[in-house]
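See below for the structure under consideration.
What follows draws every value from the coordinates through simple rules; no lab data is involved. All figures in this text were calculated on a predicted structure; none of them were measured in a lab. So basically every Cβ, Gly included, is an ideal-geometry build from the backbone, and we count neighbours across all protein chains shown.
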């Protein structure tokens with residue numbers, strides 16, 4: 001049987017969908033946000049680029065939004081969760097590595113000496129990542145992460161780490177997607193670590209997760225093609241690396257960027273600063289400011305994890321929205337609803 | 001005004017859409033393909049993974065298909081089109097580079113000495129790419145490519161290069177997308193070169209184009225954030241690089257891969273070889289065999305551009321579909337319809 005699509009049916013479907021979308025928009029899209037400038041700024045921005053009669057209307061293909069992960073979509077204290085994962089791996093693998101008892105930064109991990117570990121800096125953290133994240137296939141690594149996510153508990157909240165995602169930000173992700181945005185994660189975290197939960201927890205599929213990575217090697221093992229993760233750095237998706245990663249993976253400048261630390265400064269600049277005087281595309285830059293010591297953590301200028309200093313100073317000049325967690329968010333985590 | 005979505009409207013929209021999709025499916029989805037084993041294999045594969053009552057049904061998120069570009073989606077003779085672009089750039093930039101008159105491989109380009117150019121191998125080609133593709137922002141590079149695409153003409157067909165895309169493959173791209181597949185380009189070609197036309201010509205958005213790349217550097221220029229393309233190789237998306245790139249950018253193993261040369265061998269292996277005995281996911285590997293000297297070109301084992309040797313030998317063992325262009329395709333290019 002051969003036939004063609006009847007335009008009238010497409011028209012009908014479009015009408016029905018338009019109606020649904022209109023009704024959906026009328027409900028509060030951000031119920032966990034208190035009324036205020038932050039909430040208004042998000043809703044006004046989305047209206048400007050999506051309302052067909054808006055002078056700033058943009059086609060859906062241009063609606064690209066990027067989100068940092070640690071500290072923006074989930075907590076990052078007392079330390080980046082991936083670092084806590086790596087420390088757990090060091091402890092699990094230690095029996096096979098007697099040399100770690102006397103080698104830094106492994107010794108610090110095994111002795112729970114966070115001060116020495118923090119002092120080992122980026123190089124120390126990378127050493128841990130290489131030792132614990134490489135030497136296996138992506139599928140094997142995924143299983144290790146899944147296992148950790150299902151068993152490890154956060155020291156303060158005694159809950160799985162994936163419970164510590166920010167309910168208000170989940171609403172922003174949903175709201176943007178409901179308005180035709182494509183949402184990407186652009187984070188200093190390891191791409192394959194984040195992919196283990198990004199789809200289930202954030203609704204962000206693996207191909208929209210951009211992160212730091214180590215190299216992989218293609219091998220035929222007993223006739224089966226496998227990739228093997230190498231102890232060799234491929235890309236650091238932090239600071240300058242964020243706009244670089246955005247261009248490399250997405251190939252389009254975002255119109256909205258969400259971050260919480262100086263690691264997001266260049267992404268915020270790249271997303272929001274107009275290219276020239278003719279460039280009047282609406283853009284949204286947003287910083288999550290951790291101000292709630294009771295319900296989460298309070299930190300900014302002085303912290304080894306998620307330092308917010310330059311970006312906070314630059315926010316007023318750039319019209320970036322600074323979210324005051326304590327004031328702007330009704331709840332922090334989904335289980336507090 | 002607050003309201004919620006009425007399930008009944010969603011039900012109605014779903015019904016209308018289902019009807020449209022059903023009617024669309026009944027039409028021949030591949031009208032430029034002659035009836036035969038190649039066409040049947042594609043249609044049977046799509047049916048197996050998309051029919052809800054099929055034992056091999058896969059969720060849309062698993063329907064990832066990857067396509068090589070040169071020789072698979074458009075022609076690649078008398079030379080890769082990007083090489084012809086680079087040669088054009090060398091000629092345009094030559095007045096600023098008097099040293100090129102005596103330096104290879106530039107001398108060969110300026111003298112039209114294709115033999116010496118071919119003999120310069122991968123290193124020579126990379127030298128050309130670095131000299132002609134770097135030193136500008138991605139936006140500036142995009143303009144240069146756009147300009148070339150709108151003015152350059154193919155030596156045999158006297159048409160813009162974007163006219164030389166394969167109509168039967170455009171139909172495969174559309175057919176897969178209409179069936180919930182996400183289509184990616186995974187090509188040895190430069191990612192920013194391909195992004196200049198992939199969305200308009202193939203319907204593949206920039207974030208679904210994976211290719212070779214050079215590094216970029218983030219700079220603030222007079223207060224404006226810019227990326228600047230560096231004469232420094234970042235990634236070669238060919239041979240082993242294809243599965244590596246797929247894992248890095250997509251993070252999911254494809255279930256269908258389309259190629260035409262030995263550069264696609266590892267992508268075809270990675271996509272189609274079951275991981276173990278329990279792995280019964282249907283997979284499609286397809287090779288476009290250039291057999292039509294009259295309507296396009298005929299080549300395989302012996303050619304500097306798009307050599308098809310090992311992959312052709314391996315095809316029967318792996319059950320890869322080998323498309324005989326001359327026999328299987330009613331037309332080659334869209335303007336021949």
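Report, in degrees rounded to the nearest 10, the 0 to 90 angle that the Cα long axis of helix A:121-133 makes with the longest principal axis of chain A.
The helix A:121-133 is inclined about 90 degrees to chain A.
Work out, in µm²/s and without decimals, the Stokes-Einstein translational diffusion coefficient of chain B at 10 °C, 1.306 mPa s, Rh from Kirkwood over C-alpha pairs. Can you show the working numbers first?
On the way: Rh = 21.6 Å.
Roughly 74 µm²/s, to the nearest whole number.
What does the extension gain come out to for residue B:43 and residue B:134, with contour length at 0.36 nm per residue minus their alpha carbon separation? The partial results should precede the final answer.
Numbers: separation 91, 0.36 × 91 = 32.76 nm, distance 4.25 nm.
Full-extension gain reported as 28.5 nm.
Would you list B:130, B:325 from fewest to most Cβ contacts within 10 Å? If you can, show how the numbers build up before the last one.
Numbers: B:130 17, B:325 21.
Going from least to most buried by this count: B:130, B:325.
For label points placed 7 Å from Cα toward Cβ, what is the shortest-first list of nm distances from residue B:122 to its copies?
For residue B:122, the inter-copy label distances come out at 3.0 nm.
Tell me, how many Å apart are the Cα centres for the range B:148-185 and for the range B:90-134?
Comparing the Cα centres of the range B:148-185 and the range B:90-134, I get a distance of 28 Å.
Can you give the average number of partner chain beta-carbon atoms within 10 Å of each beta-carbon in peptide A:161-172, as a whole number?
Working: counts 0, 0, 0, 0, 0, 0, 0, 0, 0, 0, 0, 0.
Neighbouring Cβ atoms belonging to other protein chains average 0 per residue here.
Per 10 Å bin, what percent of the C-alpha pairs of the range A:153-205 does each bin hold, from zero upward?
With a bin width of 10 Å, the distribution comes to 21, 49, 26, 3.
Kindly state, to the nearest 0.05, the FRET efficiency for residue A:28 paired with residue A:114, given R0 = 56 Å and r defined as their beta-carbon distance. Numbers along the way, then the final one.
Working: r = 42 Å, r/R0 = 0.74.
About 0.85, to the nearest 0.05.
In cubic angstrom, how much convex hull volume per residue do the alpha carbon atoms of the range A:257-337 span?
Values: hull volume 8.2 nm³, N = 81.
It is 101 Å³ per residue.
Compute the long axis of helix B:167-178 from its Cα atoms, compare it with the longest principal axis of the Cα atoms of chain B, and write down the angle in degrees, 0 to 90, nearest 10.
Value to nearest ten degrees: 50.
Using Cα pairs closer than 8 Å and at least 6 residues apart in sequence, work out the relative contact order for the range B:195-317, in percent. Can you show the working numbers first?
On the way: 163 pairs, mean separation 20.4, N = 123.
Reported relative contact order: 17 percent.
Restricting to Cα atoms and excluding each atom paired with itself, what does the Kirkwood estimate give for the range A:215-274 in Å? Each step should come with its number before you reach the end.
Details: mean 1/r = 0.0733 Å⁻¹.
One decimal place: 13.6 Å for the Kirkwood radius.
If I model a spin label at residue B:101 and residue A:324 as a point 7 Å from the Cα along the Cα→Cβ vector, what separation in nanometres do I get?
Modelled inter-label distance: 7.0 nm.
Can you grab the distance from the C-alpha centre of the range B:282-337 to the C-alpha centre of the range A:201-256, Å, no decimals?
31
Run through the other copies and list how far each one's label point is from that of residue B:159, in nm with one decimal, shortest first; the point sits 7 Å from Cα along Cα-Cβ.
The projected label point of residue B:159 is separated from its counterparts by 6.0 nm.
Work out the mean other chain Cβ neighbour count within 10 Å for the residues of A:221-228 and drop it here as an integer. Spell out each step's value before the answer.
Values: counts 0, 0, 2, 7, 12, 4, 8, 0.
Mean partner-chain Cβ count within 10 Å for A:221-228: 4.
Sorting check: for B:269-280, A:39-50, which peptide has the highest mean count of neighbouring beta carbons within 10 Å, and how do the rest follow? Kindly include the intermediate steps, with their values, before the conclusion.
Values: B:269-280: 14.8, A:39-50: 18.3.
Most protected by this proxy first, the peptides run A:39-50, B:269-280.
Can you give me the P(r) profile for the range A:100-202? Cα pairs, bins 5 angstrom wide beginning at 0, each as a whole percent.
2, 10, 15, 17, 20, 17, 10, 5, 3, 1, 0
Suppose we keep just the DSSP beta bridges with both residues in the range A:210-337; what percent of those would be antiparallel, to 5? Walk me through the numbers on the way to the answer.
Working: 9 of 17 bridges.
Counting DSSP beta bridges with both partners in the range A:210-337, the antiparallel share is about 55 percent.
How far is residue A:336 from itself in the other copies, in nm, if each label sits 7 Å out from Cα along the Cα-Cβ line, shortest first?
Going from nearest to farthest copy, the values are 6.5 nm.
Quantify how strongly other chains surround peptide B:251-263 by giving the mean number of their Cβ atoms within 10 Å of each of its Cβ atoms.
Values: counts 14, 6, 4, 0, 0, 0, 0, 0, 0, 0, 0, 0, 0.
The mean count of partner-chain Cβ atoms within 10 Å per residue comes to 2.
From the C-alpha coordinates alone, can you work out the Kirkwood hydrodynamic radius of the protein assembly as shown, in Å?
On the way: mean 1/r = 0.0369 Å⁻¹.
So the Kirkwood estimate lands at 27.1 Å.
What is the helix-to-structure angle for A:37-50, meaning the angle in degrees between its Cα long axis and the longest Cα principal axis of chain A, kept from 0 to 90 and rounded to the nearest 10?
Relative to chain A, helix A:37-50 is tipped by roughly 60 degrees.
Given R₀ = 45 Å, FRET efficiency for residue A:156-residue A:52 by Cβ-Cβ distance, to 0.05?
Details: r = 46 Å, r/R0 = 1.03.
So, using R0 = 45 Å, E works out to roughly 0.45.
When the helix-only estimate is applied to chain B (DSSP H runs of n ≥ 4, each -39,500 (n - 2.57), divided by the residue count), what is the mean residue ellipticity at 222 nm, nearest 500 deg cm²/dmol? Walk me through the numbers on the way to the answer.
On the way: 13 runs with 130 residues, N = 337.
Per the formula, -11500 deg cm²/dmol.
With the Cα gyration tensor of the range B:75-148 giving a ≥ b ≥ c as the square roots of its eigenvalues, does the rule (a/c under 1.5 for rounded; else a/b larger than b/c for prolate; else oblate) give rounded, prolate or oblate? Can you show the working numbers first?
Numbers: a/c = 1.82, a/b = 1.24, b/c = 1.47.
It is oblate, given that a/c is not under 1.5 and a/b is not larger than b/c.
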